[in-house]
Amino acid sequence: MSQDRAPKISFVIPVYNEEAVLEMLFARLDALVERIDADCEFLFVDDGSRDRSLELLHRKAHTPHFRVIELSRNFGHQIAITAGIDSADGDAIVIMDADLQDPPEVALDLIEAWRKGAEIVSARRRQREGETWFKRASAKLFYRLLARLSPVKIPEDVGDFRLIDRKVADALRAMPERDRYFRGMVSWVGFRHVEVLYDRHERAAGSSKYSLKSMFLLATNGIIGFSDLPLRIALWFGLAVSMISFIAVIWTLVGTFLGGPVVSGWASTMIMLSFLSGVQLLTIGLVGLYVGRIYNEVKGRPLYFVRPDGGPEVSKVALEPRRAEETQ
Ligand code: UDP
Ligand code: MG
């Protein structure tokens, strides 16, 4: 940070059908610009919104500091963040949600920590307001589970609200994986990491864009992407069951030779059969999850496309697949 010029902070803000909150967000950001003593850029990534979000964003993009990238369809939150980071050129990048659950003013604390030398500053939730009992409980369970499974320490109760230094953004760009679990990737790259506490508020308006299905997909990406423990569990489980079966065989043989009441064993046969089929299906399914991901990676598709006619700024990255240089 010892440049002569003033540092530049880019804000990456993914937007999917957020027309109800955008005006409020703009007002908060306009006020925030005055308080940040650095160059600011607010980079909105429209993730294929179907409401008036894009129109509102384009209108705002005529004022200084605001820029829009328009993805060609809904690619999901994690990819939208990636597209934003790819195109942001600040010395530090703040990633935050559009719905004001991540209060923009917390960025001041993030920036201060960055100025003191941190390369990743994560905002940790002190409390979560206005979220359902189910969301809080499932999030808690998931974070605890992942912490046990993953060899990389992924902090609990930290979402995607954080600041990353340019170096970290470059490291993330070098990670082309398709199934992205952004917060895990940020932990994986290393660098000097500090946390800042904040209160997560209720959504300012509108409703959550994360369906149960997308929460589940994110959780699977987190676990499968950062741990091969499920595969090893399957192996140990399979071994344990084989041992039990082996003991059962011995017991049967011994029983037969000693003339004990062994046969008439329809029940035990059925139990073993169904139990083993269950274990086999489970294991195959588990392996399938990993194989599916390999297939996905091998296809090597670009992560997203940007619509070229989204405005003068956008044409820079127009329809240029990510990692285009590598696929040539
Ligand atoms: N979002 C997105 N694409 C999606 C879903 C969500 O860009 O497919 C954005 C959304 O507009 C918001 C952020 O990601 O800015 C977080 O989404 P949301 O608030 O719905 O998630 P929650 O806070 O309920 O987990
Ligand atoms: Mg939200």
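The values are calculated or read from the model by the stated rules, or taken from the named source; none is laboratory data. These numbers were taken from a predicted model, which means no experiment stands behind them. Virtual Cβ from ideal backbone geometry, glycine too; neighbours counted across all protein chains shown.
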Lone qualifier among I69, I93, I79, I154 - being within 15 Å of ligand 1 (Cβ to nearest atom) and in contact with a helix residue (DSSP H, G or I) (Cβ under 7 Å, 6 or more places away or on another chain):
I69
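Quick grid of which residues meet (1) touching a Gly at 6+ places or on another chain (Cβ under 6 Å); (2) in a helix (DSSP H, G or I); (3) more than 16 Å from ligand 1 (Cβ to nearest atom); (4) under 30 Å from A27 (Cβ atoms):
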| position | (1), (2), (3), (4) |
| --- | --- |
| E202 | yes, no, no, yes |
| I223 | no, yes, yes, no |
| G238 | no, yes, yes, no |
| V241 | no, yes, yes, no |
| G255 | no, yes, yes, no |
| V279 | no, yes, yes, no |
| G288 | no, yes, yes, no |
| I294 | no, yes, yes, no |
| L303 | no, no, no, no |
Residues being assigned to a loop (DSSP other than H, G, I, E, B) and buried (at least 18 other Cβ atoms within 10 Å of the Cβ): count how many of those fall in the stretch 134-180.
3
Selection count where residues are over 15 Å from R166 (Cα atoms), touching a residue at least 40 places away in the same chain (Cβ under 8 Å) and away from ligand 2 (no atom under 16 Å from the Cβ), scope the stretch 98-121
4
Going through (1) assigned to a helix (DSSP H, G or I); (2) modelled with pLDDT under 80; (3) of a type in the set (F, W, Y); (4) closer than 20 Å to V12 by Cβ one by one, F216 fails only at (4)
